[in-house]
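Read through the structure below, which is laid out as structure tokens, and then see the notes.
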Amino acid sequence: MKQSRPEVFKFGGVAVGNADAIRVALAHVSRAAPGVAVVVSAMNGITDLLLEAGQAALRRDRARCDDAAAQVESRHRELVAELVASPDRANALNAVITESVRELRSMTESIAVLGELTPRAQDALVARGERLVAAIFAIAAIEIGIDAVYVDATEVIQTERRLGTLWPNLLKCERAAKKSVVPLLAARQVVVMPGFIASGPDGSVVTLGRGGSDFSAAILARSLGARALTLFKEVDGLMTADPKSVPAARVIADLHYREAAELAYYGANVLHPRTMIPLVDRRIPLYVRNSFRETSPGTRIAGDVKPGSYPVKALTAIHRQALLSIEGNGMIGVPGVAGRAFTALSQAGHSVSMISQASSESSICFVVPESEADHAVAALEAAFEPERKLHLIDRIDAEKHVALIAVVGLGMRGTSGIAARTFSAIAAAGVNIVAIAQGSSELNITIAVAESDATRALLALHSEYQLHKIRPLADTTGREAKLTLLGLGQIGRELARQVIAQQPHLRRDLGIDLKVVAVADRSGIRIDDKGFTPAALQRFAKRKESGARLFERGSPLTLRELETMMRDELWMLPSYRPVLVDLTSEEKIGRASCRERV
């Protein structure tokens, strides 16, 4: 029999941050096992502790090194004490922790003596955070009956040097996974692997940088030909905007890879843009879910996502930026000015997040982080010193306290008026636009505004594109229908029985999740956004069949009272898509109750 494609789960630092969080993570794994590989981050705060230990060693601060090592040891021993009941397994894990902390102390002593913390030594320092959690996670899984096995990431994730940086050699990763991971999955074992770390070109331990554990999971998913990758985090998914700035922000149900990459690049900290690179050509869907909310479907990111009814899907902002400008009439018609500017910035170690140029070629501007502005200006001054002396370039300076706002959506392409609506909304909010940029793909409009105006601009744009009306689907892999039963007489009771009886068929064969979320009659209304259980529906039916009122209250409601109650309570459901089934003999109430707010 052909082996089914596995899933890959990745749990972030908060999702493995303590024993309770790991129990929740293990429950996710248990539901999916076998046929799942797991990648884990270090516990939240541990990587910072390990980096701090290295810096303290450079300062020869022995007390701070010892304190960091003691915290690393105690936090992991607490996990073992709470998650592992078997004395033999607990003793084995505690021995691993002891040895890891001994190595940590030894390394910090060497750093203090040499007065040098090389990238290689730093990678070796921080690698123990992920390795310790992965070892504990695997044993904790075994403790609850999951056949789990630890596989070190250096056996699977192989890197090479490309353009001066480390990058996964995807072909080698695939071969390594087929050798060390695929046989274990075929034996119905759950593979647990540390994220963030990999094997360098010389075989040493290296790290994959910011978002490294997500990247590790994506590489593993590609190498295994996984059917899906799920990143379990402490958030519900990617949102239409940062809820700290826009309280009405909503979770986005579906995003195209390109939309998600734009959001990730422009400041959506939930996801790093590199994460999607290994997945795109293999068309592996990526899910971002909240580890602590099983009922939250999260965000699905894939290549089959269509533009949908919202041309703009999300907004994001990068704060604390600076706008660098090069201006001068002597630039007009002179080839290579932009190229020289980019080269100068690149050689000085600066990455540009936005570019804008006047059609007259008399000015060009770039956006870099505010903390880098002075250094970047100095680099440009040095590069264009001859032109400055001849007054061909009049000015090179930086405008600080700038924020970049990105308006992102696949449906923007070919939809007329998006730029006009964007600029009008910002202007109506009293915000001045400093600079703009739009790519030929029309997937993103980027606007530079004063930092103090960023929140007002976000609120105005979120309202303009009505992103507060976006509602995530309850199951992004299928379809959901939420029913309101108005009336529970003989016909209503029969419909309720059929809904209960047909649910397994509808879910299994048609991919439809049919839920009754509200029941109403003249005695009142009862609502459950998650859907009433079959037992609850049966209780309602029996109560009505016995001749009793559905809900205890005073005198029966008038039609107007029932309409008002339904309007006030039913439409407030946070993810309601109304399918109202009118089972009453009344002529008006069903029609009145179905009027949707606009």
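The values are calculated or read from the model by the stated rules, or taken from the named source; none is laboratory data. Given the structure is predicted, the values throughout are model-derived calculations rather than measurements. All Cβ positions, glycine included, derive from the backbone under ideal geometry; neighbour counts span all protein chains shown. The accessibility values were calculated without ligands, DNA or RNA, using every heavy atom of the protein model including side chains. Shrake-Rupley method; radii C 1.70, N 1.55, O 1.52, S 1.80 Å.
Taking all protein chains together and rolling a 1.4 Å probe, residue 513 ends up with roughly 30 Å² accessible. Note on residue 381: accessible area approximately 60 square angstrom, rounded to 10, probe 1.4 Å, nucleic acids and ligands left out. Model label sites at residue 450 and residue 296, defined 7 Å from Cα along the beta-carbon direction, differ in position by 3.6 nm. Residue order by solvent-accessible surface for 179, 389 is 179, 389, largest first, with ligands and nucleic acids left out and a 1.4 Å probe.
Averaging Cα coordinates gives a centre for the stretch 1-33 and one for the stretch 76-97; these two points are 20 Å apart.
Dipole magnitude for the stretch 221-311: about 220 debye, using +1 per Lys or Arg Cβ and -1 per Asp or Glu Cβ, origin at the Cα centre. Ligands, DNA and RNA aside, residue 150 has an accessible area near 80 Å² when probed at 1.4 Å. Among 209-222, 451-464, 79-92, the peptide with the highest mean count of other Cβ atoms within 10 Å heads the list, and the full ranking is 209-222, 451-464, 79-92. Dipole of the chain computed with +1 at Lys/Arg Cβ and -1 at Asp/Glu Cβ about the Cα centre; of 83, 156, 187, farthest Cα towards the positive end is 187.
Computed from the C-beta positions of residue 144 and residue 362 and an R0 of 60 Å, the FRET efficiency is 0.30 to the nearest 0.05.
How much length, in nm to one decimal, is gained on full extension between residue 416 and residue 244, taken as 0.36 nm per residue of separation minus their Cα-Cα distance? Present the calculation step by step, with values, prior to reporting the outcome.
Details: separation 172, 0.36 × 172 = 61.92 nm, distance 3.06 nm.
So the chain would gain 58.9 nm between residue 416 and residue 244.
Annotation for the stretch 145-197 versus the stretch 391-465: alpha-carbon center distance of 42 Å.
In the list (1) 149; (2) 210; (3) 181, the label attached to volume of the Cα convex hull per residue in Å³ as derived from the coordinates here is (2).
Accessible area per residue, 1.4 Å probe, Å², for the chain: what's the number? Don't skip to the answer; put the middle values down first.
On the way: 27700 Å² over 598 residues.
Ligands and nucleic acids excluded, the figure is 46 Å² per residue.
A simple spin-label model places pseudo-atoms 7 Å from Cα toward Cβ; at residue 178 and residue 342 they are separated by 3.8 nm.
Accessible area of the stretch 1-43 with a 1.4 Å probe: how many percent of it is carbon plus sulfur?
53 percent
Ranking of 521, 66 by solvent-accessible surface, largest first: 66, 521 (1.4 Å probe, protein heavy atoms only, all chains present).
Treat every Asp and Glu Cβ in the chain as -1 and every Lys and Arg Cβ as +1, leave all other atoms uncharged, and give the resulting dipole magnitude about the Cα centre to the nearest 20 debye.
About 2180 debye.
Measuring nothing but protein heavy atoms, the accessible surface of the stretch 79-130 at 1.4 Å probe radius is 53 percent carbon and sulfur. Distance between the modelled labels on residue 98 and residue 202, one decimal in nanometres: 3.3 nm (7 Å Cα→Cβ projection). Here the accessible area is traced with a 1.4 Å probe on the protein chains. For the stretch 267-333, carbon and sulfur cover 51 percent of it.
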